[in-house]
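J.: Here you go, one structure.
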Amino acid sequence: MKPVLSVLLIEDDPNVRLGCEQAMQLAGIPVIAVASAEEGQRQLDADFAGIVVTDMRLPGMDGMALLRWVNQLTPDLPVIIITGHGDVTLAVEAMRSGAYDFMQKPFSTNDLVEVVRRALEKRELVLEVEALRRRLDHRDDLEARLIGRSPQMAKVRQLILDVADAAVDVLIFGETGTGKEMVARCLHDLSRAGQENYVALNCGGMADTLLDSELFGHEPGAFTGAQKRRIGKIEYASGGTLFLDEVESMPMNMQIKLLRVLQERKIERLGSNQQIPVSCRVVAASKEDLKLMSDQGKFRADLYYRLNVVRIELPALRERREDIPALYDEFLLQAAKRYNRPPPVLTSEYLRRLMAQDWPGNIRELRNAADCHVLGIGRDAATPGVGNTPQSLTDAVENYERVLIANEFTKQDGNIARTADALKVARTTLHDKLKKYALI
């Protein structure tokens with residue numbers, strides 16, 4: 001998702017500032033207008049999604065000093081210099097110092113808009129290249145953290161890479177144990193805010209008053225026992241990511257307050273009337289269908305649609321059985337290292353039995369089984385009849401067929417024709433089976 005690019009306009013003359021600001025607004029260009037370089041510096045960082053237009057002569061820091069400061073911050077950020085009559089020498093010096101272009105007063109607003117558009121196009125291209133480079137750098141790391149060659153997991157990883165850098169709220173849906181918090185953590189770590197705070201809060205089983213204080217914080221004396229100020233989770237996550245697990249269990253009155261925060265990006269601590277701006281990505285996770293709950297009046301529909309900007313659905317383990325061997329092998333290695341035990345040798349028969357189970361606890365249950373396997377305690381997790389109902393012959397055959405098709409489909413990079421040739425089946429037959437097993 002592309003960021004919305006804007007212009008930071010720095011001009012101390014209020015009339016010139018207003019004229020430039022209105023010209024860009026009429027052209028559909030978002031603009032932030034300030035009166036000094038020092039104010040402008042507070043708006044800038046290395047990832048600023050936009051460009052700078054600044055007057056040369058300013059109170060305090062001048063345009064040339066600001067240009068040098070921006071070049072040290074990030075040399076790829078275009079800076080357009082506005083110069084007065086007779087400042088041609090300064091304009092030449094600015095261009096040599098890395099300015100994108102300069103405008104000499106008086107100038108037409110049409111000319112300004114044209115130069116700004118070209119600079120924005122250049123900045124957009126740079127940001128796209130940087131985002132692509134980050135995605136490529138993180139792809140291997142993401143595959144190591146979200147293990148699986150199944151098409152479902154490939155889609156999940158790609159969606160994470162697509163939205164990690166976008167300042168957009170995300171809703172993660174999946175059964176218990178499918179890895180919702182791991183996905184939230186990946187979204188945070190792969191974003192530009194990866195070095196900022198990642199704050200997780202489980203909304204389930206928490207009293208209303210406690211949840212209110214946890215989310216919004218409180219001032220001294222806000223309630224009995226509140227002896228000193230406490231910063232809430234939302235405020236602490238500002239600049240980073242707030243992960244709300246089991247959001248479906250949030251009480252209705254708290255849903256209303258959360259909706260207001262998402263709309264206004266401001267909070268009030270308990271016992272205070274002061275509004276505090278916050279800027280954090282909200283990632284919510286639910287094991288229940290929030291759309292169905294909202295239709296039933298059990299969850300606010302407006303909050304559901306506000307959270308459901310981007311939706312990531314995590315498949316149950318029984319829906320991607322072909323990933324079980326790789327997952328179990330990784331969990332065995334982790335457990336062996338953690339408990340200082342040798343990893344057990346896996347036979348094909350043992351893996352076949354693992355893949356025959358439904359694993360209602362999903363990845364979490366599989367991890368627990370690997371821990372017990374390494375420790376040599378409990379019953380054999382791969383023994384049919386332990387922890388699940390034995391499969392019928394039809395189910396066993398379908399599971400085997402699904403895994404066989406999925407593995408070959410992945411091997412052939414999703415090419416149906418090559419997969420059909422490799423499996424020696426008609427393309428129409430393969431296409432029907434791919435749809436049947438939700439592989440396309």
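The values are calculated or read from the model by the stated rules, or taken from the named source; none is laboratory data. This is a predicted model, so every value here is computed, not measured. Methodologically, a virtual Cβ is constructed for each residue, glycine included, from the backbone with ideal geometry; neighbour enumeration extends over all protein chains shown. Protein only, heavy atoms only, side chains kept; ligands, DNA and RNA dropped before computing areas. Shrake-Rupley method; radii C 1.70, N 1.55, O 1.52, S 1.80 Å.
J.: Can you give the local net charge around ARG269? Use residues other than it whose beta-carbon is closer than 11 angstrom to its beta-carbon, Lys and Arg +1, Asp and Glu -1. Write out the running numbers ahead of the final one.
T.: Details: positive: ARG229, ARG230; negative: ASP212, GLU219, GLU235, GLU268.
So the environment of ARG269 carries a net charge of -2.
J.: Tell me, what is the per residue accessible area of region 64-190 in Å², probe radius 1.4 Å?
T.: 47
J.: Which of these, ILE312, ILE267, ILE82, has the largest mean-square fluctuation under a Gaussian network model of the chain (Cα springs below 10 Å)?
T.: In this elastic network of the chain, the residue with the biggest mean-square fluctuation among ILE312, ILE267, ILE82 is ILE82.
J.: Which semi-axes, in whole Å and largest first, does the equivalent ellipsoid of region 154-250 have when worked out from the alpha carbon gyration tensor as the square roots of 5 times its eigenvalues?
T.: 29, 17, 8
J.: Also, I was wondering about something else. Taking the Kirkwood radius as the inverse of the mean 1/r across Cα pairs, report the Rg/Rh of region 185-305.
T.: Reported Rg/Rh, Kirkwood definition of Rh: 0.97.
J.: Straight-line reach from LYS155: which lysines fall under 20 Å, measuring Cα to Cα and dropping same-chain residues less than 8 apart?
T.: LYS2, LYS180, LYS287, LYS411, LYS433, LYS435, LYS436
J.: Moving on. Please give the net charge around PRO315, taking every other residue with its beta carbon less than 14 angstrom from that of PRO315, where Lys and Arg add +1 and Asp and Glu add -1.
T.: +4
J.: For the chain, find the longest principal axis of its Cα atoms and tell me its angle to the long axis of helix 63-73, 0 to 90°, nearest 10.
T.: Roughly 20 degrees, rounded to the nearest 10.
J.: In terms of solvent-accessible area of protein heavy atoms at a 1.4 angstrom probe, what is the ranking of ARG149, ARG192, ARG402, ARG418, highest value first?
T.: Numbers: ARG149 145, ARG192 85, ARG402 20, ARG418 110 Å².
Largest accessible area first, the residues go ARG149, ARG418, ARG192, ARG402.
J.: Where Rh denotes the Kirkwood radius from the mean inverse Cα pair distance, what is Rg over Rh for region 252-342?
T.: 1.19
J.: Which whole-number percent of Cα pairs in the chain have a distance greater than 38 Å?
T.: That tail contains 43 percent of the Cα-Cα pairs.
J.: Now a separate question. Looking at the chain only, what percent of DSSP beta bridges run antiparallel? Nearest 5 please. Walk me through the numbers before you get to the answer.
T.: Numbers: 4 of 39 bridges.
Here the antiparallel bridges make up roughly 10 percent for the chain.
J.: May I pose another question? For region 214-269, what is the relative contact order in percent, using Cα pairs closer than 8 Å and at least 6 residues apart in sequence?
T.: Relative CO of region 214-269 lands at 35 percent.
J.: Using bins 5 angstrom wide from zero, how does P(r) for region 79-221 break down, in % of all Cα pairs?
T.: Bin by bin from 0 Å, the calculated values are 2, 7, 12, 12, 11, 9, 8, 9, 8, 8, 7, 4, 2, 0, 0.
J.: Quick one: with all protein chains in place, what share of the accessible area of region 206-350 is carbon or sulfur, to the nearest percent (1.4 Å probe)?
T.: 49
J.: List the pair-distance distribution P(r) of region 197-260, using every Cα-Cα distance, as the percent of pairs falling in each 5 Å bin from 0 up to the bin containing the longest distance, rounded to whole percents.
T.: Histogram of Cα-Cα distances, whole percents per bin: 4, 18, 27, 25, 18, 8, 0.
J.: Dipole magnitude of the chain about its Cα centre, charges +1 at Lys/Arg Cβ and -1 at Asp/Glu Cβ only, in debye to the nearest 20?
T.: 1080
J.: What distance in nm separates the two pseudo spin-label positions at GLN274 and GLU349, each 7 Å out from Cα along the beta-carbon direction?
T.: 7.1
J.: Let me ask something else. Roughly how compact is region 55-161, stated as its Cα Rg over 2.2 N^0.38 Å to two decimals?
T.: For region 55-161, the normalised Cα radius of gyration is 1.60.
J.: What whole-number distance in Å separates the alpha-carbon centres of region 345-372 and region 206-250?
T.: 39
J.: Please compute the net charge surrounding PRO78, taking Lys and Arg as +1 and Asp and Glu as -1 over other residues with Cβ under 12 Å from its Cβ. Mind dumping the intermediate values first?
T.: Numbers: positive: ARG117, ARG118, LYS122, ARG123; negative: ASP76, ASP101, GLU121, GLU124.
Spelling it out: positives minus negatives among the neighbours equals 0.
J.: If one takes the longest principal axis of the Cα atoms in the chain, at what angle in degrees, from 0 to 90 and to the nearest 10, does the Cα axis of helix 393-411 lie?
T.: Computed tilt is about 40 degrees.
J.: In degrees, nearest 10, range 0 to 90: what is the angle between the Cα axis of helix 362-375 and the longest Cα principal axis of the chain?
T.: 60
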